[in-house]
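Everything below concerns the one structure shown next.
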Amino acid sequence: MSDRPRKTTFGKALGCYHQGVDRTKTVRTYVLVLLFIGLRGFGNLLLAYGTKRLPAVLGVHPAAYLQSVLDPAVAAGIAMLIFSMFTRLALLSRADLSFVLPVTAVGYVLAAVLGTVFLHEHVTAAHWLAAFLIFAGVAVVGSTPQNTTKEAGAQ
């Protein structure tokens, strides 16, 4: 076995850029993307759920915010959002910003779905159309190179 990264024809059938790239790195990047989207989506869901159950509307008084952190759903949501930020840092160390931000924008679609399913929020047809356009844009960006910059020491 050699120490060279394994190159495959991953995605060749789709005609996308992935052919000839290190499949392991690509898979790890997409796992981080999915982890980030899930953590951010469910973290925001828990924040919304927890704050809607609070007895008072959060305003300018800091004590209300401190009290809201004691709610288990809010605390779990904050923890998930902190972990999502660490995941984003890991993503940005592997892929270009111009790849990461558009691909992770599919989280807005997830937020609409989660709000509808779990919080029973009404999402208008215009919002669903916008979510579809985001999803379509993510599909286009997802088929482009995730890292177009040369790594340090590479020629």
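Among all residues of region 93-109, there is none that is in contact with a Lys or Arg (Cβ under 7 Å, 6 or more places away or on another chain), under 28 Å from residue 144 (Cβ atoms) and hydroxyl-bearing (Ser, Thr, Tyr).
Tell me, please, whether a residue that is farther than 26 Å from residue 48 by Cα, surrounded by fewer than 16 Cβ atoms within 10 Å (Cβ to Cβ) and of a type in the set (Lys, Arg) can be found in region 94-111. Full working, then the answer.
Taking region 94-111 first, the residues farther than 26 Å from residue 48 by Cα are 94-99.
After this cut, where a residue has to be surrounded by fewer than 16 Cβ atoms within 10 Å (Cβ to Cβ) as well, the list is 96-98.
Pick out the ones that are also of a type in the set (Lys, Arg) and you get none.
No; the residues of region 94-111 include none that is farther than 26 Å from residue 48 by Cα, surrounded by fewer than 16 Cβ atoms within 10 Å (Cβ to Cβ) and of a type in the set (Lys, Arg).
Taking residues in region 103-124 that are among the charged types (D, E, K, R) and outside any helix (DSSP H, G or I), and partners anywhere that are modelled with pLDDT of 90 or more and buried (at least 18 other Cβ atoms within 10 Å of the Cβ), the pairs with Cβ atoms closer than 8 Å and at least 6 places apart or on different chains are 121/115.
Within region 11-23, the set of residues being closer than 23 Å to residue 90 by Cβ and either at pLDDT 85 or above or in contact with a strand residue (DSSP E or B) (Cβ under 9 Å, 6 or more places away or on another chain) (or both) comprises 21, 22, 23.
The values are calculated or read from the model by the stated rules, or taken from the named source; none is laboratory data. A quick note: this is a predicted structure, and the numbers were derived from the prediction, not measured. All Cβ positions, even for glycine, are placed from backbone atoms using ideal geometry, and neighbour counts span all protein chains on display.
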